[in-house]
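Read through the structure below, which is laid out as structure tokens, and then see the notes.
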There are 2 protein chains.
Amino acid sequence: MLSVTCIAPVNIAVIKYWGKRDEDLILPLNDSVSATLSTDHLCTKTTITTCESFAENKIILNGKEESFDNPRLLRCLEEIKKRAKASNKCKPEILKWNVHVKTENNFPTAAGLASSASGYACLVYTLACLYGIENEEISSIARQGSGSACRSLHSGFVQWQKGEHPDGSDSVAVQLVPHDFWPEMRIIVLVVNDARKKTSSTGGMSTSVKTSKLLKYRVEECVPKHTKDLVEALNKKDFETFGKITMQDSNQFHAVCLDTYPPCVYMNDISFAVVNMVHQFNALKKEVKVAYTFDAGPNACLYLLEKDVPEVLAVVNKVFPNDKLGDPEYIKGIAVDLSELPEAQAEFTASGNNLLKYIINTKVGEGPKRID
Amino acid sequence: MLSVTCIAPVNIAVIKYWGKRDEDLILPLNDSVSATLSTDHLCTKTTITTCESFAENKIILNGKEESFDNPRLLRCLEEIKKRAKASNKCKPEILKWNVHVKTENNFPTAAGLASSASGYACLVYTLACLYGIENEEISSIARQGSGSACRSLHSGFVQWQKGEHPDGSDSVAVQLVPHDFWPEMRIIVLVVNDARKKTSSTGGMSTSVKTSKLLKYRVEECVPKHTKDLVEALNKKDFETFGKITMQDSNQFHAVCLDTYPPCVYMNDISFAVVNMVHQFNALKKEVKVAYTFDAGPNACLYLLEKDVPEVLAVVNKVFPNDKLGDPEYIKGIAVDLSELPEAQAEFTASGNNLLKYIINTKVGEGPKRID
């Protein structure tokens, strides 16, 4: 019997992935860039055990047994085994044994944070450790579980190169800079209350490719420029440019969602209140101090530098007053001393009470890790 | 002393105008198409008096005196006088007299309906009547007051041709079909409750032209095709195509607004609840029975055929329950017998109470008219 336990991080894109050129292999229409978030605050933990006596494959997700008969899950297992066989790092008979997978997130699934990225990254990394191939290029396998999962296999800032080959072999994630390259970078996640039914991102993406005329233009003309400029800004630690492109790319992704027929709408009035707050703050400061980005859901991720965290949190608390402020579960992650926050400027007014579920104050972090 | 009183209609675009190629002359980047709404339910009424003894120009808007020192207002007056002088339809000394303008809307300004279109159309048409040139091409003058005002000078469905000349002389509105061409067409305006601050459309449009990369593509590649297909559908009375393009063009316009930096956000959660309701209704009916369109504000305009009004209103009342239902001021316009509405399908559920301010049930109508 073999057993391995690993953790893998969540990642938040600053250049968004939206649209596949191959639905089956999960090959994207454009490059994307993300930051890997610290596993101290957000991660998936997965234990995989394999044993000759296991009668079948099993998966337990957050305490609940799910069907293993899931094509993406099966594909990841199969591809890792194929790679392990070719590498000779693992005895062939072990590859014939079934596996038991136990996986859980240290954050509520209800948070609407991309748990499939950390989930598939953790699955593939843990399997790779189990079969001794964790040092090989496995992001192209994680990609086949959930596209953005490939980006969670590296620390720091990561680029998912779309690749050119039809077999997807060059559609891989590469590290741009390590997690401690820009140590002042912070990420604050504002988890919003939302009553709306979720639109699946897989479905929305596929409808966008079929119906949005703007998507084609974004993919061909806009994203390559956004990516180039953002990577340059990252290397120069130019927050002004980094932040501006991050916001523009997020807005353009949601514009393409709206140009879809029927439209996919992921942001809500609370999301747009965050957008307004950020632009108002930056206008007041006469520079881009904080940038928002939104995935396929209403939660905001703010990128900012450590020195601006107290002032931004003060503004967040003024614009989004919450009865739970002071409760240690309301602002999670890196500890914040509320008594040390400055007073928010008079220009900011409350958008409404209790519009946020909670806040996660975190930073750029490391990739997956074996922890057993 | 001369005095003339006229009314002019509101128009609601189905192919949207967004972006100027000349800010001063108000020349658009693309053609747009609208329906002129019946003046029975929505109109501006303007009385203009001119007299040798008037010491200055004056304007009273909805009972309140406003400054006449408004470049757009002055330009309209000046251009009409220039034209009247050239036409010799008016004694030259009359053109030297000052004017008193009294103008009011028969709908609340708070409605967020485009009152500048009916307002400038009425101003220019009333001035034209005053100076005897009401049969000339005056849409290019109304355009210089407020772009979309040029479309309110005709009845039925109207196309504002963007034109090519730098002086704007060919940027005029033309009638596509008269108001009784498709007599079954109905328009239901859902006026929503909205707490958000308004973004001016002039400002938003100008920022879009400067910052949205998608706008250029929309203007060059998408709108010409939308316009051609919509005009064809209109001539064939093909509601399915007419409705689909109307929704796609509205969504694409709002997508461009979102792609603007900082983004312009005009639709809110209530608007998107209308979008969902419409797509759900059409999916259930397996055809496009009703189409939404949104201007630079959260109010929805629904286009539909007369036969579907009762069922659509039943669904609207179920999705947007309102304490004022039954109050004659809640559903304005063409009378609706609530007791004759069918029961809405069980699939529809309430989005929340009292999300709509009121509803206007109207139809395609005639152009400006002298009424004194």
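Going by what's in this entry, would A:Ser351 be described as in contact (Cβ under 8 Å) with a residue 40 or more places away in the chain, over 27 Å from A:Leu176 (Cα atoms) and small (Gly, Ala, Ser)?
Taking the combined requirement at face value, the residue satisfies it.
Among the numbered criteria (1) surrounded by 20 or more Cβ atoms within 10 Å (Cβ to Cβ); (2) closer than 20 Å to B:Ile12 by Cα, which single criterion is violated by B:Cys76?
(2)
Looking at region B:45-72 only, could you name the residues that are hydroxyl-bearing (Ser, Thr, Tyr), surrounded by 14 or more Cβ atoms within 10 Å (Cβ to Cβ) and within 26 Å of the chain's Cα centre (by Cα)? Show your work before the answer.
Within region B:45-72, the subset hydroxyl-bearing (Ser, Thr, Tyr) is B:46-47, B:49-50, B:53, B:67.
If we keep only those that are surrounded by 14 or more Cβ atoms within 10 Å (Cβ to Cβ) too, we end up with B:46-47, B:49-50.
Scanning region B:45-72 gives B:Thr46, B:Thr47.
I'm trying to understand the selection: among the residues of region A:27-69, which are part of a loop (DSSP other than H, G, I, E, B), polar (S, T, N, Q) and farther than 25 Å from A:Lys162 by Cβ?
A:Ser38, A:Thr39, A:Ser53, A:Asn57, A:Asn62, A:Ser67
For residues that are surrounded by fewer than 17 Cβ atoms within 10 Å (Cβ to Cβ) and more than 12 Å from chain B (Cβ to nearest Cβ), scanning just region A:205-221, find the one that is nearest to B:Lys216 (Cα to Cα).
Top of the filtered list is A:Lys210.
On the basis of being in contact (Cβ under 8 Å) with a residue 40 or more places away in the chain and touching a strand residue (DSSP E or B) at 6+ places or on another chain (Cβ under 7 Å), does A:Cys264 make the cut?
No: the conditions fail for A:Cys264.
Out of (1) surrounded by fewer than 23 Cβ atoms within 10 Å (Cβ to Cβ); (2) within 25 Å of B:Asn62 (Cβ to Cβ), what's the single condition that is false for B:Glu137?
(2)
Give the residues of region B:245-266 that are more than 7 Å from chain A (Cβ to nearest Cβ), more than 17 Å from the chain's Cα centre (by Cα) and under 15 Å from B:Pro298 (Cα atoms), sorted by residue number.
B:Cys257, B:Cys264, listed by residue number.
Inside region B:267-297, can you point out the residues that are in contact with a helix residue (DSSP H, G or I) (Cβ under 6 Å, 6 or more places away or on another chain), more than 10 Å from chain A (Cβ to nearest Cβ) and closer than 30 Å to A:Lys244 by Cβ?
Selection gives B:Phe294, B:Ala296.
Can you tell me which residues in region A:194-204 are within 12 Å of another protein chain (Cβ to nearest Cβ) and under 30 Å from A:Leu325 (Cβ atoms)?
Residues satisfying the conditions are A:Asp194, A:Ala195, A:Arg196, A:Lys197.
One residue is enough: does region A:127-141 have a residue meeting the conditions touching a helix residue (DSSP H, G or I) at 6+ places or on another chain (Cβ under 6 Å) and of a type in the set (Ser, Thr, Tyr)?
Within region A:127-141, one or more residues are touching a helix residue (DSSP H, G or I) at 6+ places or on another chain (Cβ under 6 Å) and of a type in the set (Ser, Thr, Tyr).
Considering only residues that are surrounded by fewer than 19 Cβ atoms within 10 Å (Cβ to Cβ) and out of contact with any strand residue (DSSP E or B) (no Cβ under 8 Å at 6 or more places or on another chain), look in region B:184-198 and name the one that is modelled with the highest pLDDT. Step through it out loud before you land on a result.
Going residue by residue through region B:184-198, those that are surrounded by fewer than 19 Cβ atoms within 10 Å (Cβ to Cβ) are B:184, B:193, B:195-198.
Then drop every residue that is not out of contact with any strand residue (DSSP E or B) (no Cβ under 8 Å at 6 or more places or on another chain), which leaves B:195-198.
On the way: B:Ala195: 63, B:Arg196: 63, B:Lys197: 61, B:Lys198: 69.
Restricting to residues being surrounded by fewer than 19 Cβ atoms within 10 Å (Cβ to Cβ) and out of contact with any strand residue (DSSP E or B) (no Cβ under 8 Å at 6 or more places or on another chain), the top hit is B:Lys198.
Only residues that are farther than 15 Å from B:His279 by Cα and either surrounded by fewer than 24 Cβ atoms within 10 Å (Cβ to Cβ) or in contact with an Asp or Glu (Cβ under 7 Å, 6 or more places away or on another chain) (or both): list them for region B:297-307, please.
Scanning region B:297-307 gives B:Gly297, B:Pro298, B:Leu305, B:Glu306, B:Lys307.
Looking at region B:230-244 only, could you name the residues that are more than 10 Å from chain A (Cβ to nearest Cβ) and either touching a helix residue (DSSP H, G or I) at 6+ places or on another chain (Cβ under 6 Å) or touching a residue at least 40 places away in the same chain (Cβ under 8 Å) (or both)? Steps first, answer last, please.
First, the residues of region B:230-244 that are more than 10 Å from chain A (Cβ to nearest Cβ): B:230-243.
Result: B:Leu230, B:Val231, B:Ala233, B:Leu234, B:Asn235, B:Lys237, B:Phe239, B:Glu240, B:Thr241, B:Phe242, B:Gly243.
Within the bounds of region B:108-131, is there any residue that is under 30 Å from B:Lys363 (Cβ atoms) and in contact with a Lys or Arg (Cβ under 6 Å, 6 or more places away or on another chain)?
Among the residues of region B:108-131, at least one is under 30 Å from B:Lys363 (Cβ atoms) and in contact with a Lys or Arg (Cβ under 6 Å, 6 or more places away or on another chain), which makes the answer yes.
So which residues in region A:325-347 are part of a helix (DSSP H, G or I) and of a type outside the set (A, V, I, L, M)?
Selection gives A:Ser339, A:Glu340.
The values are calculated or read from the model by the stated rules, or taken from the named source; none is laboratory data. From a predicted model like this one, the values you see are computed outputs, not experimental measurements. Reconstructed Cβ throughout: ideal geometry from the backbone, glycine too, with neighbour counts over all protein chains shown.
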